[in-house]
Amino acid sequence: MRRIAVLCAGWALIMLSGGCAGGGNVDPWEKTNRVFYNFDDGLDRAVLTPVNGFYVKVVPAPIRTGLGNGFDNLFYGNVILNDFLQAKWNQGLGDTARMAVNSTIGIAGIFDVASRLGLPKHENDIGITLGKWGVAPGPYLVLPLLGPMTLRDTPGIVVANATNPVTWLFPPLYVTVPLGIGQALDRRSRVDTAIQFRNALAIDPYVFTRNAYLQYRDNLVHEGRKPVDQSLYEEVPETSPATAPAATRAASRPAR
């Protein structure tokens, strides 16, 4: 308990210092972030892109879908936990039933039987929960091998692993290594189209990735309902098309 308290206090201190460092700037650590971004991008181009091409070419689409379903189900405890932390009781119960159905009838989640039974899949994590609790995103981060996130999202790394059943089973390496490789291939194949789009069209891929990620996470926190932008309600002198020329002429007349 003492270690947990120390970790929580340390994380809170980092959040506070990050908020002070960030101010109105969402990316105060851009210089370091770009170094890590270039590292991840270079690794992707050199290793993950060709491996993903081979994976997609060799493994049939139905099998890739089944593997993706299995990995989603494996980490679905994280979704359920955050459903209840957000007091979404009905969604939490539905997601619990979804995981139970897919883990049994769906054979470890490979077959998405629950969706056919009217139990839809949701996306949820501790970063979204903290956002709903009013915690600010904090500075934008790029971590080696883990990619983009905000300071608010970083506890999700620990929580996602803590809610993964494999973490508590302590399986041997010949189980965990293939699982890790399979999960990496699944994640890479899911974002392949987005990466190709970014590399082909973005003037600055780093900025494109940052903005897309921040908008995506903001949308998840607010469930598609953006907070009201108060600047829209600032009083601005209204000029109708009929009075615009007259107003322009009046403003251009020299003072007498």
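Read-outs throughout are calculated quantities, based only on the coordinates presented, and are distinct from any laboratory measurement. Bear in mind the structure is a predicted one, so any value in this text is a computation, not a measurement. Positions of Cβ are generated from backbone atoms using ideal geometry, with glycine treated the same way; all protein chains shown enter the neighbour counts.
Before moving on, here are some points about what is shown:
- Here the extension length gained between ALA46 and ASN219 equals 59.1 nm, from 0.36 nm per residue of separation less the Cα-Cα distance.
- Global geometry of segment 83-172, whether rounded, prolate or oblate, following the gyration tensor of its Cα atoms and the 1.5 cut on a/c: oblate
- Loop chymotrypsin sites (Phe, Trp or Tyr not before Pro), segment 120-186 (other Cβ atoms within 10 Å of the site Cβ: 14 or fewer; DSSP): TRP133
- Taking label positions 7 Å along the Cα-Cβ direction at both PHE39 and ARG190, the computed distance is 2.4 nm, reported to one decimal.
- Positive-end residue of GLY138, ASN38, VAL26, charge dipole of segment 18-141 with Cβ unit charges: ASN38
- The label-point distance for ALA162 and LYS57, in a model that sets each label 7 Å from Cα toward Cβ, rounds to 4.4 nm.
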